[in-house]
Amino acid sequence: MHCGAGAVLSMQERTRYRVTGSLFLLALAVIFLPMLFDGAGQPAPVAPPASTSEPAPELPEFEDIVPTSDVVERTTALAAEVDEEGFSTETGTRIGEPVLETPGADATVWAVQAAAFASVDNARSFRERLREGGYEAYVSSVRTDDDEIMHRVAVGPYLSVADANAAQDAIASAYAVNPRVVEMTP
């Protein structure tokens, strides 16, 4: 019985050595076979010499390729119209948001300012309530004369003042707010 256990152990060791040796040879093959077939022994292709009888093509002038532009002047002008936080220095409204003002005699587009909030989260929450009610609501932020930022929630645009007045009445009764009709300019 003692002899059989030694024979089994010897067989297990031989199997382990064979598997280890096979893995070692496989690893060597994976490393060195690509080196044999990479073409390192092949001479590099040589390009024929350039013909000296043909002159090099003339390249167009830079001014002919790139058209003149007023991008720098327009960018400088825009930078003068916007403060460091992205608000228009003329209207106080954040750039890219609709400007809401008291309607003038020549107003053509109206909106209903439903509410104004100091907190943008409150403004967004009320905007979502209006949207759930079927209104095209948005937030337009403005810097006040006191250098505070107010986030106005408005509905619109409306192309007639009668439609804006009707929306004002509907919003006032549905949401218990005191909305006002304003002129909307892009």
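Tell me what the chain gives for mean residue ellipticity at 222 nm when only DSSP H runs of n ≥ 4 count, each as -39,500 (n - 2.57), the sum divided by the residue total, rounded to 500 deg cm²/dmol. Working shown, then result.
Numbers: 5 runs with 78 residues, N = 186.
That comes out to -14000 deg cm²/dmol.
Any idea what % of Cα-Cα pairs in the chain are farther than 27 Å?
Percent of Cα pairs beyond 27 Å in the chain: 63.
Would you mind giving the three semi-axes, in whole Å and largest first, of the ellipsoid equivalent to segment 79-185 according to its Cα gyration tensor?
Working: eigenvalues 107, 58, 22 Å².
Listed largest to smallest, the semi-axes of segment 79-185 are 23, 17, 11 Å.
Could you work out which residue, out of A47, A118, A164, moves most in a Gaussian network model of the chain, that is, has the largest mean-square fluctuation with Cα springs under 10 Å?
A47
Listing T185, T144 from the residue with the fewest other Cβ atoms within 10 Å to the one with the most, what is the order? Don't skip to the end; give the middle numbers.
Working: T185 16, T144 11.
With the sparsest Cβ surroundings first, the list reads T144, T185.
Relative to the first principal axis of the alpha-carbon coordinates of the chain, what is the inclination of helix 120-132, with its axis defined by its Cα atoms, in degrees from 0 to 90 and to the nearest 10?
Between helix and principal axis, roughly 80 degrees.
Could you let me know the centre-to-centre spacing of segment 162-186 and segment 120-156, using Cα atoms, in angstrom?
Result: 13 Å between the Cα centres.
For the chain, take the longest principal axis of its alpha carbons; what is the angle in degrees between that and the long axis of helix 71-81, to the nearest 10 within 0 to 90?
It is inclined by approximately 50 degrees.
Karplus couplings for segment 17-26 from phi (6.51 cos²θ - 1.76 cosθ + 1.60, θ = phi - 60°), rounded to Hz, Gly and Pro as x?
Values per residue, Gly and Pro as x: 5, 5, 5, 4, x, 5, 5, 5, 5, 5 Hz.
Give me the distance in nm between label points sitting 7 Å out from Cα along the Cα-to-Cβ direction at E148 and A44, one decimal.
Using points 7 Å along Cα→Cβ, the separation is 7.3 nm.
Principal axis lengths of segment 64-111 from Cα atoms, whole Å, largest first?
Between the extreme Cα coordinates on each principal axis of segment 64-111 lie 48, 26, 15 Å.
Where a number appears in this text, it was derived from the coordinates with a stated rule and is not lab data. Just so it is clear, the structure is predicted and the values come from calculations on it, not from any experiment. Note: ideal-geometry Cβ built from the backbone for every residue, glycine included; neighbour counts use all protein chains shown.
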